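Below is one structure, written out as structure tokens; comments come after it.
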Amino acid sequence: MSQNNANSDGIATANNTAAGSHSGQQDRPLVGDDVVLSYSGTDAPVIDGESITAEPGAVTALVGPNGSGKSTLLKGLANQLEPDAGSVLLDGQDIQSLETKAIARKLGLLSQESTSPNSITVEDLVYHGRYPHRGFFDSVTEEDEAAVERAIDLAGCGHIREREVGSLSGGQKQLAWIAMVLAQDTDVLLLDEPTTFLDLHHQLEVMEIIDCLLYTS
């Protein structure tokens, strides 16, 4: 597995300067250093000492064959899998020291394992992306509404916003999930093979969304 800076799948970062506490890392929103990741019951680590740096205002692509550990590395970077060794810094802070909501306000993850009730509408799904910015009983704010409208517009799924997720094609579902993670309004987006299983039309749409996001961030 290798790391490249390119307009491709992987890690997209906004062009903001992170105020970190670790010297030399303050301008890099996400850094993985000698990360070792494994699953219980396995004899060897899936990721063994990988280091990665996400530069501001860029797309960092993880390139490798199926089974090389790309998804596992993204889980480690998103704090969904605790490293056996090494560290992950988000805005210069050890990601394991941050609360879940604090992480979600800074980092969004589009996972291959995303699921939702089939009866939820696309618009309601996108509003779930605003959860990190609100308390459990807080009402929707104008800021939430603006973020959702922007996300739906960027993802190009306004025409399906009232449809139930269960009625969508695979490509339409992927656009809806992309809109949800965009609504989080984070500086870092982890995209786990966002164009997998999509036809060429939807693949191009996803890449255009990423380009547009970088241009407007």
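What follows draws every value from the coordinates through simple rules; no lab data is involved. A quick note: this is a predicted structure, and the numbers were derived from the prediction, not measured. Cβ placement follows ideal geometry from the backbone for every residue including glycine, while neighbour counts extend to all protein chains displayed.
With the simple spin-label model, which puts each label point 7 Å out from Cα in the Cβ direction, the residue 113 to residue 143 separation comes to 3.1 nm. Taking other C-beta atoms within 10 angstrom as a stand-in for reagent exposure, 157, 212 fall in the order 212, 157, fewest first. Full extension of the chain between residue 66 and residue 36 gives 8.9 nm of extra length, using 0.36 nm per residue less the Cα-Cα distance. Could you identify which residue out of 194, 29, 132 has the top mean-square fluctuation in a GNM of the chain using Cα springs shorter than 10 Å? Among 194, 29, 132, the largest mean-square fluctuation in the Gaussian network model of the chain belongs to 132.
As a proxy for reagent exposure, 128, 201, 133 were ordered by neighbouring Cβ count within 10 angstrom, fewest first; the result is 201, 128, 133.
Annotation: the residues 205, 142, sorted from fewest to most other C-beta atoms within 10 Å of their own C-beta, follow the order 142, 205. DSSP beta bridges fully contained in the chain are about 85 percent antiparallel. Taking trypsin sites (Lys or Arg not before Pro) across segment 110-217, the ones in a DSSP loop with at most 16 further Cβ atoms lying within 10 angstrom of their Cβ are 134, 163. Average projection, convex hull of the Cα set of the chain: 12.4 square nanometres.
From helices alone, the chain scores -9000 deg cm²/dmol at 222 nm; the rule is -39500 (n - 2.57) for each run of n ≥ 4 DSSP H residues, then divide by the residue total.
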